[in-house]
Amino acid sequence: MADKMTMAQAINTALRDAMTADDSVVVFGEDVGPLGGVFRVTDGLTRDFGEARCFDTPLAESGIVGMAVGMAMNGMRPVVEMQFDAFAYPAFEQITSHVAKLANRTRGRMRVPMVIRIPYAGGIGGVEHHCDSSEAYYAHTPGLTVVAPATNADAYGLLRAAIESPDPVVFLEPKKHYFAKEEVDVEAGVPPIGRAIVRRQGRDATLIAYGPSVPVALAAAEHAAAEGRDLGVVDLRSIVPFDDDTVCAEVCQTGRAVVVAEAPGFASVASEIAARVSERCFHHLEAPVRRTTGYDVPYPAPKLERYFLPSADRILDTVDSLQWEDIA
């Protein structure tokens, strides 16, 4: 049965259900205990599960992740919160040198079943250290699974899947969607990590997006429909592993593709997606694969944020740049 809940509530419910089902699941990070986190995502977990299962840590991201590695090596399933996307950078050495490589270093004898939750991307009027799109760093690191849900239902289901995974998962939560309500059926089952979903079928072009860019892509498709163009939307759901089959099946049907992402475009996940689509769908493409991304500048001040983030208008401008003159 589906219930209306915010994304924050969906993630909270996923944590609760995982902690109830498995005593080895622990949650910790900065202010996640009695306060319930900056965004109240962990609200009530300390009260209901005790300080041994959900607890506050010092302001030391490297120590948070390092402690989680030790716990995971010894049979626990830690879920840590980085509080804000750019706060995770002090832990980057732990993530890339140990979290990502431990299974390979031990030839699979030691796994690291842990989740690094990161409130992610823009749209809240924050600056620099409170808003960033850091997915490319993690996606570039072999050994990490990288998940970016766009809907509240996926936030619940994919977090359950991430916690159950035997390998480390970076879980990117679009913070600007924390408080939007949608229907979530917690009994619908856990979706597999690494499988994209087609949110909207289209005939003329395919928009490929993930995380916070999916609702913007869907809005662009709605506007395009009013102008007589039929755009499809693919929600990747996970960046690593990447679902080439679903993405290429949609692009091969339309012959045109636009990748939408908030991060700056140079050396980005959007670049990789464009390259993969170009390589795999080359003989079906009617135009070059285009991208609508953030600009190649540091994250701007709040008054400039709306100019930096991809909008429906910017997406449609990119769609207009595709070669349409050969359409009857």
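Derivation of every value follows stated rules applied to the coordinates shown; laboratory data play no part. These numbers were taken from a predicted model, which means no experiment stands behind them. Note: ideal-geometry Cβ built from the backbone for every residue, glycine included; neighbour counts use all protein chains shown.
Couple of notes before you dig in:
- Within a Gaussian network of the chain (alpha carbon springs, distance under 10 Å), most fluctuating of ASP48, ASP235, ASP243: ASP48
- Working from label points 7 Å from Cα in the Cα-to-Cβ sense, the ARG195 to LYS303 distance is 4.9 nm.
- Considering only ILE208, VAL186, VAL258, the residue lying farthest towards the positive end of the dipole of the chain is VAL186, judged by Cα position with unit charges set on Cβ.
- Among the GluC sites (Glu not before Pro) in the range 182-280, those placed in a DSSP loop whose Cβ has at most 15 other Cβ atoms within 10 Å are GLU187, GLU227.
- Going by neighbour counts of Cβ atoms within 10 Å, the residues SER134, SER238, SER278 line up, fewest first, as SER278, SER134, SER238.
- Taking the charge dipole of the range 205-328 about its Cα centre, with +1 at Lys and Arg Cβ atoms and -1 at Asp and Glu Cβ atoms, the residue from LEU218, HIS284, PRO300 reaching farthest to the positive side is PRO300.
- Per the Cα gyration tensor, the chain maps to an equivalent ellipsoid with semi-axes of 34, 20, 19 Å, ordered largest to smallest.
- Over the range 3-184, relative contact order from alpha-carbon pairs under 8 Å, at least 6 apart, %: 28
- Cα-based Lys proximity count in the chain, under 20 Å, for pairs eight or more positions apart or on separate chains: 5
- The amide H of GLY232, built 1.01 Å from its N in the peptide plane, has GLY202, ARG203, ASP204, ALA205, THR206, LEU207 as neighbours under 5 Å, considering only residues 5 or more places off or on other chains.
- Per-residue 3J(HN,Hα) values for the range 122-138, derived from phi via the Karplus relation 6.51 cos²θ - 1.76 cosθ + 1.60 with θ = phi - 60°, read x, x, 10, x, x, 10, 5, 5, 10, 9, 6, 10, 9, 4, 5, 4, 6 Hz in sequence order (x marks Gly and Pro).
- Three-way shape call for the range 197-320 based on the alpha-carbon gyration tensor, with the a/c threshold at 1.5: oblate
- When you restrict to C-alpha pairs under 8 Å that are six or more residues apart and normalise by the size of the range 176-295, the relative contact order lands at 27 percent.
- GLU128-SER97 FRET efficiency (beta carbon distance; Förster radius 25 Å; 0.05 resolution): 0.50
- Spatial offset of the range 1-37 relative to the range 268-309 amounts to 33 Å, using the alpha carbon center of each.
- Between the range 249-264 and the range 108-171, the Cα center-to-center distance that results, in Å: 22
- GNM result for the chain, Cα springs below 10 Å: residue of ALA91, ALA301, ALA60 fluctuating most strongly: ALA301
- Since only HIS130, ILE116, ALA196 are under comparison, the one whose Cα sits farthest along the positive direction of the charge dipole of the range 116-204, derived from C-beta charges on Lys, Arg, Asp and Glu, is ALA196.
- Relative contact order for the chain: 16 percent, from Cα pairs under 8 Å spaced at least 6 residues apart, divided by residue count.
- For the chain, size of Cβ-based charge dipole, Lys and Arg +1, Asp and Glu -1, in debye: 580
- Mean ellipticity per residue at 222 nm, deg cm²/dmol - from DSSP H runs of n ≥ 4 across the chain, formula -39500 (n - 2.57): -9000 deg cm²/dmol
- Largest first and in whole Å, the equivalent-ellipsoid semi-axes of the range 140-236 read 26, 15, 12, each the square root of five times a Cα gyration tensor eigenvalue.
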